[in-house]
Amino acid sequence: MSSKKLFLIGLLVSFLVAGFFSFYSSSQPDGLQKATAEQGLDLTVVDSANADSSLANYGVAGIENERLSGFLGGAIGVAVVGIAGTGIYFWVRTPKSGETK
């Protein structure tokens, strides 16, 4: 199998998995949040500056359908990470022979 075909299959699977499973992500506090609450250390906690952002809480703001909102949130996350990773790859890779920087 060619590397291009493998890349495209991996990209498709990543979008599907992130989009599907983001709907099922837990809204319950993680271990650190739970431990701080049990110890009473969360009394002065304030919301993050990004708490009202478009992609807060595993979804896309403004989309009423919860499942679609979660799918789009996961897909956007995959796209952002993929673009950043590709950019870093091309920035740090060793050029092939015959290529100039």
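Readers should treat all values here as calculations from the given coordinates under stated rules, not as data from a laboratory. These numbers come from a predicted model, not from an experiment. Backbone-built Cβ (ideal geometry, glycine too); neighbour counts: all protein chains shown.
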**Item:** Label assignment, semi-axes √(5λ) of the Cα gyration tensor in Å derived from the structure, set (i) 21, 18, 11; (ii) 29, 12, 11; (iii) 36, 20, 13
**Value:** (iii)
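Kyte-Doolittle cut-off 1.0, length cut-off 30 Å along the helix's own axis using Cα: show which whole DSSP H helices in the chain pass.
Result, helices passing both filters: 66-92.
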**Request:** Give me the number: length gained by fully extending Thr86 to Met1, i.e. 0.36 nm times residue separation minus the C-alpha to C-alpha distance, one decimal in nm.
**Result:** 28.5 nm
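With Cβ to Cβ distances under 13 Å as the rule, what net charge do the other residues near Leu11 carry (K, R +1; D, E -1)? Write out the running numbers ahead of the final one.
Values: positive: Lys4, Lys5; negative: none.
Summing Lys/Arg as +1 and Asp/Glu as -1 gives +2.
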**Message:** Explain nothing, just the number: relative contact order of the chain, from Cα pairs under 8 Å at least 6 residues apart, as a whole percent.
**Reply:** 32 percent
**Message:** Once you place label points 7 Å from the Cα toward the Cβ at Val45 and Phe20, how far apart are they in nm?
**Reply:** 3.2 nm
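Per 0.36 nm of contour for each residue apart, how much would the distance between Gln33 and Ala56 grow if the chain were fully extended, relative to their Cα-Cα spacing?
That pair, Gln33 and Ala56, stretches by 6.6 nm at full extension.
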